[in-house]
Amino acid sequence: MHADLVEDGPYRFRIEPTGAMRVPGVLFASRELLAPAENAIEQVAHVAALPGVVEASYAMPDVHLGYGFPIGGVAATDPREGGVVSPGGVGFDISCGVRLLAADTDASGLAPALRDLMDGLDPVIPRGMGKGAVWHLPGRRDLTGILTGGARYAVEQGHGNERDLRRCEDAGAVADADPGQVSERAVERGARQVGSLGSGNHFLEVQRVAEVYDADAAGAFGLRPGQVCVMIHCGSRGLGHQICTDHVRAMEAAMPRHGIEVPDRQLACAPVDSAEGRAYLGAMAAAANYGRANRQLLTEAARRVFRRVAGARLDLVYDVSHNLAKLEEHVVDGEPRRLCVHRKGATRALPPGHPDLPPDLREAGQPVLIPGTMGTSSYVLTGVPGAPAFSSTCHGAGRVQSRHQAARGVGGRQLRAALEEQGIAVRPSSWRGLAEEAPDAYKDVSAVVEAAEGAGLCRKVARLVPLGVVKG
């Protein structure tokens, strides 16, 4: 355990400000979850030194080492006080997020068709490093439409329905996107990947609702015990990665001009209201829209297979990002303030009654989607009133092993055989990629969710278990 950590309450630890830190560090976790996160704890302290940071530098229970910010890091800055935006506080996979779809069939009814369903999904879900797309764009105009209109543009072009947008964060599109701040190299990478999972920990998983903890909230979300669901986890692919790379370089060059010094060069940043800050936020919003459109296209591909193979319909429960910076209003020291909230590997969790929620979700609160690892549970949570950390919670299990370490521990074929023995159908893009995502490479997602709920960040609504997985 880090020497400067002091236990400050249930599932809550604190790092008092020292040196360049402007605010304390606050980590929501158990001792066991923090044990493998020593380097990430140091990053929490570094983020607390950013200009204009307010309240605290937060870490969620799934915290682990990231680029600049820890993955699982949350921090807000006040533009009126020279607050900065840092690409490292969003990450390279801008608007990486999770989408959950609910089927109008139960697992028992799907069972006879499950193998055919997985065989149908396998060839139509593009995945792997730089490979394929559901939507082959005919020209730059369509990509610009995606960068400005996100899932809304995809729906307008016939890829989905209006209800999808109501059940998507920001109604499917982030405002103030500026495609002019997206480099030609980013455009080249993005044009060939709209509607694809990518690689690493991205997936499409067919699931069953195993347990419901809050029947009223589950009912509002459209979930019931035994129901089949589909969870999609992916982001903005090569376009988002290139945007982050481009703007980190620009901010590194601009920091001396703004008189900014940071304890780690990976925290390159610029004032929110500076030319560099506005340029990044405009490009980031464009990448966020790409990520939402990406998940929308994969949704439509999955719907076609479900309809053809199982005669089943898929309705969107919710779509939410966990790598984003957003300008939001929060009360700090009793005063409403407009803040730039960075969530990197952390999920927005709006409470019941929040005005940004659609009317059919307002009473229950925002669905929060927490994927587990292959062979383990995933969770649906919701926000709670008065939660700390700017209404944020965890985003998944959180790695404890590098991909290289995981692949040394088990072979891909061996892992697939073990999962198939548990009744989980697996369709990998590569054996090596499958081994890198072995369940032992991650923290226990149930322990992560227990810590998040125990710390007052959210509450449980339902637990989902895997039936089959298409792996990136």
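Here's the picture: a label point sits 7 Å out from the Cα of residue 376 along the beta-carbon direction, and within the range 50-84 the residues with their amide nitrogen under 17 Å of it are 60-65, 71-72. The residues of the chain present an accessible area of 36 Å² per residue when probed at 1.4 Å with all protein chains retained. Taking label positions 7 Å along the Cα-Cβ direction at both residue 176 and residue 354, the computed distance is 1.8 nm, reported to one decimal. Couplings 3J(HN,Hα) of the range 441-448, computed from phi: 6, 10, 5, 6, 4, 5, 5, 4 Hz, in residue order, whole Hz [Karplus 6.51 cos²θ - 1.76 cosθ + 1.60, θ = phi - 60°; x for Gly and Pro].
Is the C-alpha gyration tensor of the range 129-265 telling us rounded, prolate or oblate? Criteria: a/c under 1.5 is rounded; beyond that, a/b larger than b/c is prolate, otherwise oblate. Since a/c reaches 1.5 and a/b is larger than b/c, the shape of the range 129-265 is classed as prolate. Residues whose amide H falls under 5 Å from that of residue 229, counting only those 5 or more places apart or on a different chain, are 103, 207, 208, 209, with hydrogens built in the peptide plane. From the P(r) of the range 352-472, could you give the percentage of C-alpha pairs in the tail past 21 Å? In whole percent, the share of Cα-Cα pairs in the range 352-472 beyond 21 Å is 46.
Can you give the FRET efficiency for residue 81 and residue 108, using 1/(1 + (r/R0)^6), R0 = 60 Å, r = Cβ-Cβ distance, to the nearest 0.05? The calculated FRET efficiency here is 0.55. Heavy-atom surface analysis with a 1.4 Å probe gives the chain a carbon and sulfur content of 48 percent of its accessible area.
Entry for the chain at q = 0.10, 0.11, 0.12, 0.13 Å⁻¹: log10 I(q)/I(0) = -0.67, -0.83, -1.00, -1.19, Debye formula applied to identical alpha-carbon scatterers, no solvent contribution.
About its Cα centre, what dipole magnitude does the chain give when the only charges are +1 on Lys and Arg Cβ and -1 on Asp and Glu Cβ, stated in debye to the nearest 20? Let's see the in-between values first.
Values: 51 positive and 55 negative charges, 309 e Å.
The dipole magnitude comes to about 1480 debye.
The stretch between residue 331 and residue 404 holds 22.0 nm of extra length on full extension. This uses 0.36 nm per residue minus the Cα-Cα distance. Ligands, DNA and RNA excluded, the heavy atoms of residue 440 present near 120 Å² of accessible surface to a 1.4 Å solvent probe.
As a ratio to 2.2 N^0.38 Å, the alpha-carbon radius of gyration computed for the range 1-129 takes the value 1.46.
One compactness figure for the range 51-208 is 1.26, namely its Cα radius of gyration divided by 2.2 N^0.38 Å. Rounded to whole numbers, the Karplus 3J(HN,Hα) couplings from phi for the range 313-327 are 9, 10, 10, 6, 7, 5, 9, 9, 7, 10, 9, 6, 10, 9, 7 Hz, using 6.51 cos²θ - 1.76 cosθ + 1.60 with θ = phi - 60°, and x at Gly and Pro. Seen against the Cα atoms of the chain and their longest principal axis, helix 38-47 is set at about 50 degrees. Indicate the gyration tensor shape class of the range 97-173 (rounded, prolate or oblate), computed on the Cα atoms with a ≥ b ≥ c the square roots of the eigenvalues: a/c under 1.5 is rounded; otherwise a/b larger than b/c is prolate and the rest oblate. Verdict is oblate for the range 97-173. The range 200-268 and the range 411-471 have Cα centres spaced 17 Å apart. Backbone amide hydrogens, once placed in the peptide plane, bring residue 174 within less than 5 Å of 289, excluding anything fewer than 5 places away on its chain. Between residue 264 and residue 338, the simple label model (points 7 Å from Cα in the Cβ direction) yields a spacing of 3.0 nm.
Considering only 364, 354, 400, and ranking their Cα positions along the charge dipole of the range 332-401 that arises from unit charges at the beta-carbon of Lys, Arg, Asp and Glu, the one farthest toward the positive end is 400.
Computed over the chain, relative contact order equals 22 percent, with contacts defined as Cα pairs under 8 Å that lie 6+ residues apart.
Around the amide H of residue 464, modelled in the peptide plane, lie the amide H atoms of 210, 378, 379, 380, all under 5 Å away and 5 or more residues distant in sequence or on another chain. Each residue of the range 54-68 is assigned a 3J(HN,Hα), and the resulting list reads 10, 6, 5, 9, 9, 9, 8, x, 8, 4, 7, 4, x, 8, x Hz, derived from the Karplus form 6.51 cos²θ - 1.76 cosθ + 1.60 (θ = phi - 60°), x at Gly and Pro. If the chain linking residue 275 and residue 447 were pulled fully straight, counting 0.36 nm for each residue of separation and taking away their Cα-Cα distance, it would gain 57.7 nm.
The values are calculated or read from the model by the stated rules, or taken from the named source; none is laboratory data. Please read all numbers here as calculations on a predicted model, not as lab measurements. Heads up, the Cβs are rebuilt from the backbone with ideal geometry, glycines too, and the neighbour counts pull from every protein chain shown. Each accessible area value is taken on the protein alone, full model and side chains, heavy atoms only, with ligands, DNA and RNA left out. Shrake-Rupley method; radii C 1.70, N 1.55, O 1.52, S 1.80 Å.
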